[in-house]
Structure formats: structure tokens, C-alpha cells
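Readers should treat all values here as calculations from the given coordinates under stated rules, not as data from a laboratory. Small disclaimer: the values here were computed from a predicted structure and weren't measured. For neighbour counting, all protein chains shown are included, and Cβ atoms are generated from backbone atoms with ideal geometry for every residue, glycine included.
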Amino acid sequence: MSHAGLELADVHKRYHAVQAVRGVSLTVGQGEFFSLLGPSGCGKTTTLRMIAGFAQPSSGRIVLDGQDITALPPEKRNLGMVFQNYAIFPHMRVFDNIAFGLQVRKGESASTAQKVKASLEQVGLAGYEDRYPRQLSGGEQQRVALARALVVEPKLLLLDEPLSALDKRLREEMKYWIKDLQSRLGITTVYVTHDQSEAMTLSDRIAVMNKGRVEQLGPPREIYEQPATRFVSGFIGESNMLEGRVTALEGQQAVVALGDTQVRARVLRPVQVGQSVTVMVRPENVVLGAAAGTLAWPAPIGQIIGEIYQGAIIRYEIQLPGNVKLIAESHNTSEREVFPVRANVPAGWSADSGVVLIE
Amino acid sequence: MSEERGLGMPVVFRFGAIVALSFLIVPMLIIVLAGLTAGGYLKFPPEGLSLRWVLAFLGLGPGSYVASTGAAGATTVFIRAFGFSFLLAALSTLASLALGTMAALTLTRHDFPGRAFIQSFFLSPLMLPGIVIGLALFIFYRAAGLGLSRSFTGLLIGHIIICTPFVIRTVSASLYNFDLSLEEAARSLGASPLQTFRQITLPLIMPGITAGSIFSFIVSFGQFDVTVFLAIPEQQTLPLTIFDHLRFHSDPIPAAAGIFAIVLVIVSLLVTARSGDLKAFAGFGKT
């Protein structure tokens, strides 16, 4: 990430009374795979459309490769885009679809056929030149759309939920294929999705968006393990969200009272004693029984009130004193400790894997 | 969406459809047969069959109705009228295509105050009786004093007003299910707005444009009631010529002219309708 590939500086978008994007600032490094992740209506698609030039920001700047492109029309931005429905031109053969970008830029030339051929080989569709889009499967159309976007050697590749129209099995396959292609080409990529597992698998960094703002920006591990807000921890993966009040601060840890139960969690942002907070713990970090006894702090005793067998994983529902519900997941290994329903067991987590959230 | 289309219809409906179709087709058969008569009068059934009146229409045989305006020589009034109607229909169609396509693009793609009103206004010539439009234009031309009264331009404008709604309807039908991301894809690949329109939008809405041209041409070619008010002294359209002729003569030349009109329409339909373009007019065609 020597210098910035793409930069958004305080970008806003207002549609009449609706604020779709409220001050998004981010930098995407050269060759980086960057995802905009969020629920529908969070502003991720609008942000992508502003980068592509299909929507004009109400204010703010967009800079690509050091050039301010905010006011440029889409055709002058030199970027490749893959649409949710692929947007393959239905009246053109695969060859003409892929050659389109070359032909409108420089006119048909001797190198066109070669480039189209090379690009079809790159996406594993050699020999498909004469087919029409209606003769292609969803996965093949997806590959044609990628080849068409990449053949013009764009500075930036934009992907708008490219996997959402595929069935589950193909989606998994294409996910790894796209990742592989992107890292081979080293092209700067912005990927829009509402699917957290896609974003986690593919991205170098993720911007989690909500209500037109970026709630958190960072690598997948950071987003998952150290969520900045309740929204982020709720949107990414599964989590226990325990409401309580800070009773003491010890270095990077806070003691939080959940009613009658005292627990510990990591402090990432400044908090005061007495402040109302949420403690976030991932179910896989909750330990039970003997393991909970070895924690550095006294784990509360809870009652197992439910067990769900999921094959590789066993899910327990635990009730802590003061009517606090906790979900724990443990791997179903042969040496695991078995807990019968209604048993009273210590339940806790390493203080570093619980996170104090204030907003 | 039944798997055997048309077979699931109640017998009554099928019977009704056959009766309705017959009412549409039988008059055309009668005109064709009347035009092929060997006798000297316009009547049905024909008194034997011959090409006599067809040739007369073409100015090629005895009984040709020589143009009273002289210089044209053997060219008959009918041939001239046929040619004039053809020219008028072609020009009206071209103008309606340009105007109607632009209007359809604006009406389907942009939301602005009064859009619904403007849409109904543009389509209103479909609902208004031609006599009303013709009379209104006649009075307007006279009052405006722009030299449109009894001029070719004035007549052409009248026909364009009648034809444009057909183009707006068929082209709008193609545009309603048009996937805008196709245009965005073209733009992001480096195509200018004009290149995008010519290479992506236009080919994809062509079914609507073709259907619109067919309707526009047929409507203009057969137009009578608006034309009556706007007709120019030197040039008569085919429908007016047939009407005039029927008032003063009893020979079957109008029927022979009818044959040519029917052939013209059938040929243009065969040429263009094979691709299912006409479906676009009904609004259920796919683009």
C-alpha cells in the first residue's frame, strides 16, 4: 500500500429529503481488496455508484490515482464494473460484449481479437466467443462480465454484489475464484456486499456501513474481534450482548455488573465507572465447567437451560444469575466436557475476548 | 401461463374470436374480389374475374382514369394519390419515430411534476375523434396565419399528431422493462452517452420502434377524417381520392386501389412482424 489507489473525502449524497450517504471518508490502497459491507439501505451501493460516476456526490471529493474524478463522467474514469445482474449486452455475442470497451475507446483494431481471446482464457471461457448471453449459465455470465470489465485494464475494479444471483454452491466456488483472480492481477478492488462471510473471506479491509456512515473500518479480524459498536458486532457474526454498568476499571479491563453478576471485558474506548455499557462476547469464546475455573477472574455460575446439537458444534443456552442469558458454543471433540441440561456450571470468558461497547 | 396456450379457452370465447376475426377479414376479401371483377361496376359478387381494373389503376389499360390535371399523362389520379399517401405516411412515420422515441425516453425515465398529465396529453390523439382534431387544426391554422392552412406542412403536422402516440406507446413498452444497468455498463466501459444510445439502447428497443413504425405508417396511410380538413388542393391522399371517386363514379377502380393498399400493409407486416415485434404494442412483448 505504497500510495493510495482510491480516496473518498467526506462524501455526502442527498436525494431530496433522504441522506443516503453522510460523510464517508476512506482510502483504498493500491492492489487492495476493499469491501463495503452493510444491510440494504446503508449507503454502500450509493457510495459505489458515486465512485463509478453514476451518481454525483452532494459534497466531498473522490480521487483515483491522484486525479480528482468527482466531476468526471463514468466513461472518463477508466474503471471496470461488474453488476449484480451482470448486465451482459443481450444482443451481442460474448466476443462483442468483451470487445465493447476496447472498440468504443480506440475502435476495432488488430489487437482486439487477441485481447478478447486472452481475457476469455483468463476467466476460463476459452472458445466461448460466438455464444450469445442467453446460452450461458449464471456462473458463465459472471465470468464474461468480469472479463469484459478487466479487458480494458482499468485502474479500479468495482463489484456490486456479484455473487448474490448465484446459487449457494456456485457462490462459494466463485468467491475463491474471484479472490484468486484479483490477487493474481493485483488490481485495486472495491466490493459491495451485505454478506459478512463474503466480505470476511475476500477482503484485505472492510468498511462496515450503517445509515450512510462508516461504523468501522479495518481488517476482517479486527472487525470481528474488536467491533467498535453494537451494530458492527451484531451485523458481523453472532454475539452475546450483555447490558450492564461499569463498577471498576483495572488497566485495560473493566468490571461490569450485569445485575447480580460481575463479569470482565476489555476496554477499547474510554469509559467511566458507573457508565451503562454493553459487553460483547462471541459464543465460541464462552467457556464452561473446568475451563471456566481456570480463568483469571471468578466466573459466575450459570444453569444450562438448553442444548442444541449441530454436529461439529454444540450450542448451550445458559442462564446467569439476574436473568442474564448467554449462548456458548463448543467444538464437539471427543475430549470435551459433557454438560447435562439443568446442570449448574461456571461460565465465563477470557477477559480479552469480551469487549466493552459504549455506542 | 397454461402449457397448451389457447386450448384452455372456453368454446364460447373461441367461437366469438372466430366471428370477430371474420368481421375483420371478410370485408377485405370482398374488396379484393370486387377489384378483380371483369364487369364495369363496383359490386359484389364480381361478374367474372380479370385484372382489367388493376391495370386501369396502374394506368396501363382501357378505362384508365386520366388525371384531370393534364401534364402527368398516363399517370392516373389514383397512382398519384397512392404515391402521395405513401410519401405522406413515410414522412409522418419518420417524424413520429423521432418525436415519439424522445418523448417515450423522457416519460419512462424521468420523474417530474406533471408527468402523468403530459403522458395523457401526448396519448390523447388516440382517444379524440379525428374529426375533432381535424376541425381544431383547421381553425387553428386559419387563425394563426402561419401559412399552414391548406399546405403540405400543415397536413404533415396533422398526421404526425395522429401517429406519434402509437410510437410513444410501443417504444414506452420496450423501455419499461429496459435494464438501466446495461447502459451503465456501457458507460463504465468508456462509451459516450451517444455511443451508448446507438449501440446499446437503440438495438434493444428496436422491437418497439419497428412496431411503432408499422402502426404509424398504416394509420397515416389510411387516415381520412383529419385529412379532410387539412387536404391541399393540388394533392389528394388515397382515401380522399377513393371517397371522391365513389361520389361521382361507379367503376371498381377504388376496389383495385384497395387491393394495393392491402398488399402494402401485408408486405410491411410480413417483413417486420416475424420477430414478434407487434407484441410490443400490446405491452406484453419482451424487449
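Over the whole of B:198-204, what's the average partner chain Cβ count within 10 Å per residue? Rounded to a whole number, please. Other-chain Cβ atoms within 10 Å of each residue's Cβ, averaged: 3. Every Cα-Cα pair in segment A:13-96 was counted, and those over 22 Å apart are 34% of them.
Normalised by the residues of segment A:242-348, what does the relative contact order come to in percent, with Cα pairs under 8 Å and at least six apart?
Values: 211 pairs, mean separation 28.1, N = 107.
Relative contact order, segment A:242-348: 26 percent.
Shape summary: chain B maps onto an equivalent ellipsoid whose semi-axes, from the alpha-carbon gyration tensor, are 38, 27, 18 Å in decreasing order.
Shown is the FRET efficiency for residue A:61 and residue B:202, computed with R0 = 35 Å from the Cβ-Cβ distance and rounded to the nearest 0.05: 0.50. A crude spin-label estimate for the pair residue A:110 and residue B:246, with each label 7 Å from Cα along the Cβ direction, gives 6.9 nm.
Over 22 Å between Cα atoms: which of A:13/A:211; A:76/A:175; A:179/A:211; A:76/A:106 fall into that group?
A:76/A:175; A:179/A:211
Here each label is just a point 7 Å from Cα along the line to Cβ, and for residue A:323 and residue B:152 those points are 9.1 nm apart.
Peptide A:81-92 has a mean shielding of 5, counted as Cβ atoms of other protein chains within 10 Å of each residue's Cβ. Ranked by the mean number of other Cβ atoms within 10 Å of their residues, highest first, the peptides B:223-232, A:80-89 come out as A:80-89, B:223-232. Under conditions of 20 °C and 1.002 mPa s, segment B:126-265 yields 120 µm² s⁻¹ as its translational diffusion coefficient, taking Rh as the Kirkwood radius over Cα pairs in the Stokes-Einstein equation. Enter the angle in degrees (range 0 to 90, nearest 10) between the Cα long axis of helix B:238-248 and the first principal axis of the Cα atoms of chain B, meaning the one along which they spread out most. Rounded to the nearest ten degrees, it is 30. Ordering A:167-173, A:288-294, B:88-94 by mean Cβ neighbour count within 10 Å, with the highest value first, yields B:88-94, A:288-294, A:167-173. Legend: helices of chain A (whole DSSP H runs) are marked when their alpha-carbon atoms reach 15 angstrom or more along the helix axis and their mean Kyte-Doolittle hydropathy is at least -1.0; marked are A:94-106, A:110-122, A:138-150. Counting, for every residue in A:69-78, the Cβ atoms of other protein chains within 10 Å of its Cβ and taking the mean gives 3. If a spin label sat at a point 7 angstrom from the Cα of residue A:167 along the line to its beta carbon, the backbone N atoms of segment A:126-152 nearer than 12 Å would be those of A:138-139. Longest segment of chain B with no trypsin sites (Lys or Arg not before Pro) in a DSSP loop having at most 14 other Cβ atoms within 10 Å? Longest run free of exposed loop sites: B:44-273.
Loop only per DSSP, at most 12 neighbouring Cβ atoms within 10 Å: give me the trypsin sites (Lys or Arg not before Pro) in segment A:174-228, ordered by residue number.
Values: sites: A:175, A:179, A:184, A:205, A:211, A:213, A:221; in loops: A:211.
Passing both the DSSP loop test and the Cβ count: no residue.
Using only the Cα atoms of segment A:238-357, each taken as one equal point scatterer with no solvent, compute I(q) by the Debye sum, divide by I(0), and report log10 of the ratio at q = 0.12, 0.18, 0.19 Å⁻¹. Taken in order of the listed q values, log10 I(q)/I(0) reads -0.40, -0.87, -0.96.
Measuring from a point 7 Å past the Cα of residue A:195 along Cα-to-C-beta, which residues in segment A:30-47 have an amide N at less than 12 Å? Correct set: none at all. Here the spin labels are modelled as points 7 Å beyond Cα on the Cα-Cβ line, and at residue B:21 and residue A:22 they lie 6.3 nm apart. Using only the C-alpha atoms, the convex hull of the protein assembly as shown corresponds to 267 Å³ per residue.
When only alpha carbons are used to place a centre, segment B:98-145 and segment B:195-271 end up 20 Å from one another.
Take chain B and mark each of the GluC sites (Glu not before Pro) that is in a DSSP loop with at most 10 other Cβ atoms within 10 Å; the longest unmarked stretch, sites excluded, is B:5-233.
Would you please state the base-10 log of I(q)/I(0) at q = 0.06, 0.07, 0.10, 0.14 1/Å for chain A, with intensities from the Debye formula using one equal scatterer on every alpha carbon? The Cα Debye sum returns log10 ratios of -0.31, -0.41, -0.74, -1.10.
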